[in-house]
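The values are calculated or read from the model by the stated rules, or taken from the named source; none is laboratory data. Please read these numbers as outputs of a predicted model, since none were measured by experiment. When we count neighbours, we look across all protein chains shown, and the Cβ atoms used for this are built from the backbone with ideal geometry, even at glycine.
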Amino acid sequence: MIGILGGTSFRHLAALRKGSSGRVVTPYGSVETIRLQGSVVILRHGSNGTVPPHRINHHAHVWALHSLGVRGIVSFGSTGGLGQWCPPGTQVLADDFYAPFRPVSYFDHDLRVTIPDLRGPWRTEVLGALDDAGCNVLDGGVYVETLGPRFETRAEIRTLATSADVIGMTCASEATLAMELELPAAILATVDNYAHGIGGKKITEHALRRTVKKNSEKVVRAFEAVRKLGS
């Protein structure tokens, strides 16, 4: 069985309507889950899609998946492209992340060291499933996580673009916590817009929603490919 974490676009996945809803109680709060054959899905923004990025209970989400016995997780994330090499419509299976802004850990009262690494057998397995399904995914890239809920300033993007390829607000925290629980993690980023100041066009909420809808077919294909890993 595998764990899948998705954003607001997941609320409209037809496959989830066929799943069974449940609730897992963790030391960090209760979590709504959707069980499909071989996989457990968590909608990180809640079933109504109203929880903002800075209020997501990552600790409870990852703990719930771990307690259910998943063998690995895949975090699907909507991102901004940090360069012309990552235009809207691109999907990136990250091989590293940059996330110094939000410290997340289960070890608040215990001195432990975790060496984060997205490269490994689990990522290779996920990439293979995506390739087999005909998903056009970039093999490798750096995901940078900011705090949200606002978008980043042009100055922030200029700085971050020197170190990363895509920018989001959630997936690195999920990967960090998963690794603390010795749970393999993968990050699949879908580029829904150029980051602020990249690409020459002003970001608008309307344009972003339009691109998210346009990219939904790619997200569905990737989701179907990944969840087969739990079969």
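At-a-glance table
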| item | result |
| --- | --- |
| Any pair with Cβ under 9 angstrom, 6 or more apart, that starts in the range 105-134 at a residue that is more than 17 Å from Ala185 (Cβ to Cβ) and ends at one that is loosely packed, with under 10 Cβ neighbours inside 10 Å and at pLDDT below 95 | none |
| Search result, residues across the range 1-19 that are in a helix (DSSP H, G or I) and either in contact with a Pro (Cβ under 8 Å, 6 or more places away or on another chain) or not polar (S, T, N, Q) (or both) | Phe10, Arg11, His12, Ala14, Ala15, Leu16, Arg17, Lys18 |
| Residue that is farthest from Thr8 (Cα to Cα) [pool: residues in the range 184-205 that are β-branched (Val, Ile, Thr) and touching a residue at least 24 places away in the same chain (Cβ under 8 Å)] | Ile198 |
| Residue that is farthest from Gly200 (Cα to Cα) [pool: residues in the range 48-83 that are over 14 Å from the mean Cα position of the chain (by Cα) and among the β-branched types (Val, Ile, Thr)] | Val70 |
| Leading residue by the ranking (surrounded by the fewest Cβ atoms within 10 Å (Cβ to Cβ)) among those in the range 187-217 that are among the aliphatic types (A, V, I, L, M) and not in a helix (DSSP H, G or I) | Ile203 |
| Residue match in the range 51-73 (condition: closer than 23 Å to Gly141 by Cβ, at pLDDT 95 or above and among the hydroxyl-bearing types (Ser, Thr, Tyr)) | no |
| Residue check for Ile56: β-branched (Val, Ile, Thr) and touching a strand residue (DSSP E or B) at 6+ places or on another chain (Cβ under 6 Å) | no |
| Tabulated pairs, the range 145-159, first in contact (Cβ under 8 Å) with a residue 24 or more places away in the chain, second among the β-branched types (Val, Ile, Thr), C-beta under 6 angstrom, 6+ apart or interchain | Glu152/Thr146 |
| Long-range neighbours under 9 Å by Cβ, at least six apart or interchain, first residue under 21 Å from Arg35 (Cα atoms) and touching a residue at least 12 places away in the same chain (Cβ under 8 Å) within the range 206-225, second among the aromatic types (Phe, Trp, Tyr) and in a helix (DSSP H, G or I) | Val219/Phe10; Phe223/Phe10 |
| Selection within the range 3-20 - under 20 Å from Leu68 (Cβ atoms) and of a type in the set (Gly, Ala, Ser) | Gly3, Gly6, Ala15, Gly19, Ser20 |
| Output for the range 73-107, where each listed residue is under 17 Å from Ser9 (Cβ atoms) and either part of a loop (DSSP other than H, G, I, E, B) or basic (Lys, Arg) (or both) | Pro88, Gly89, Thr90 |
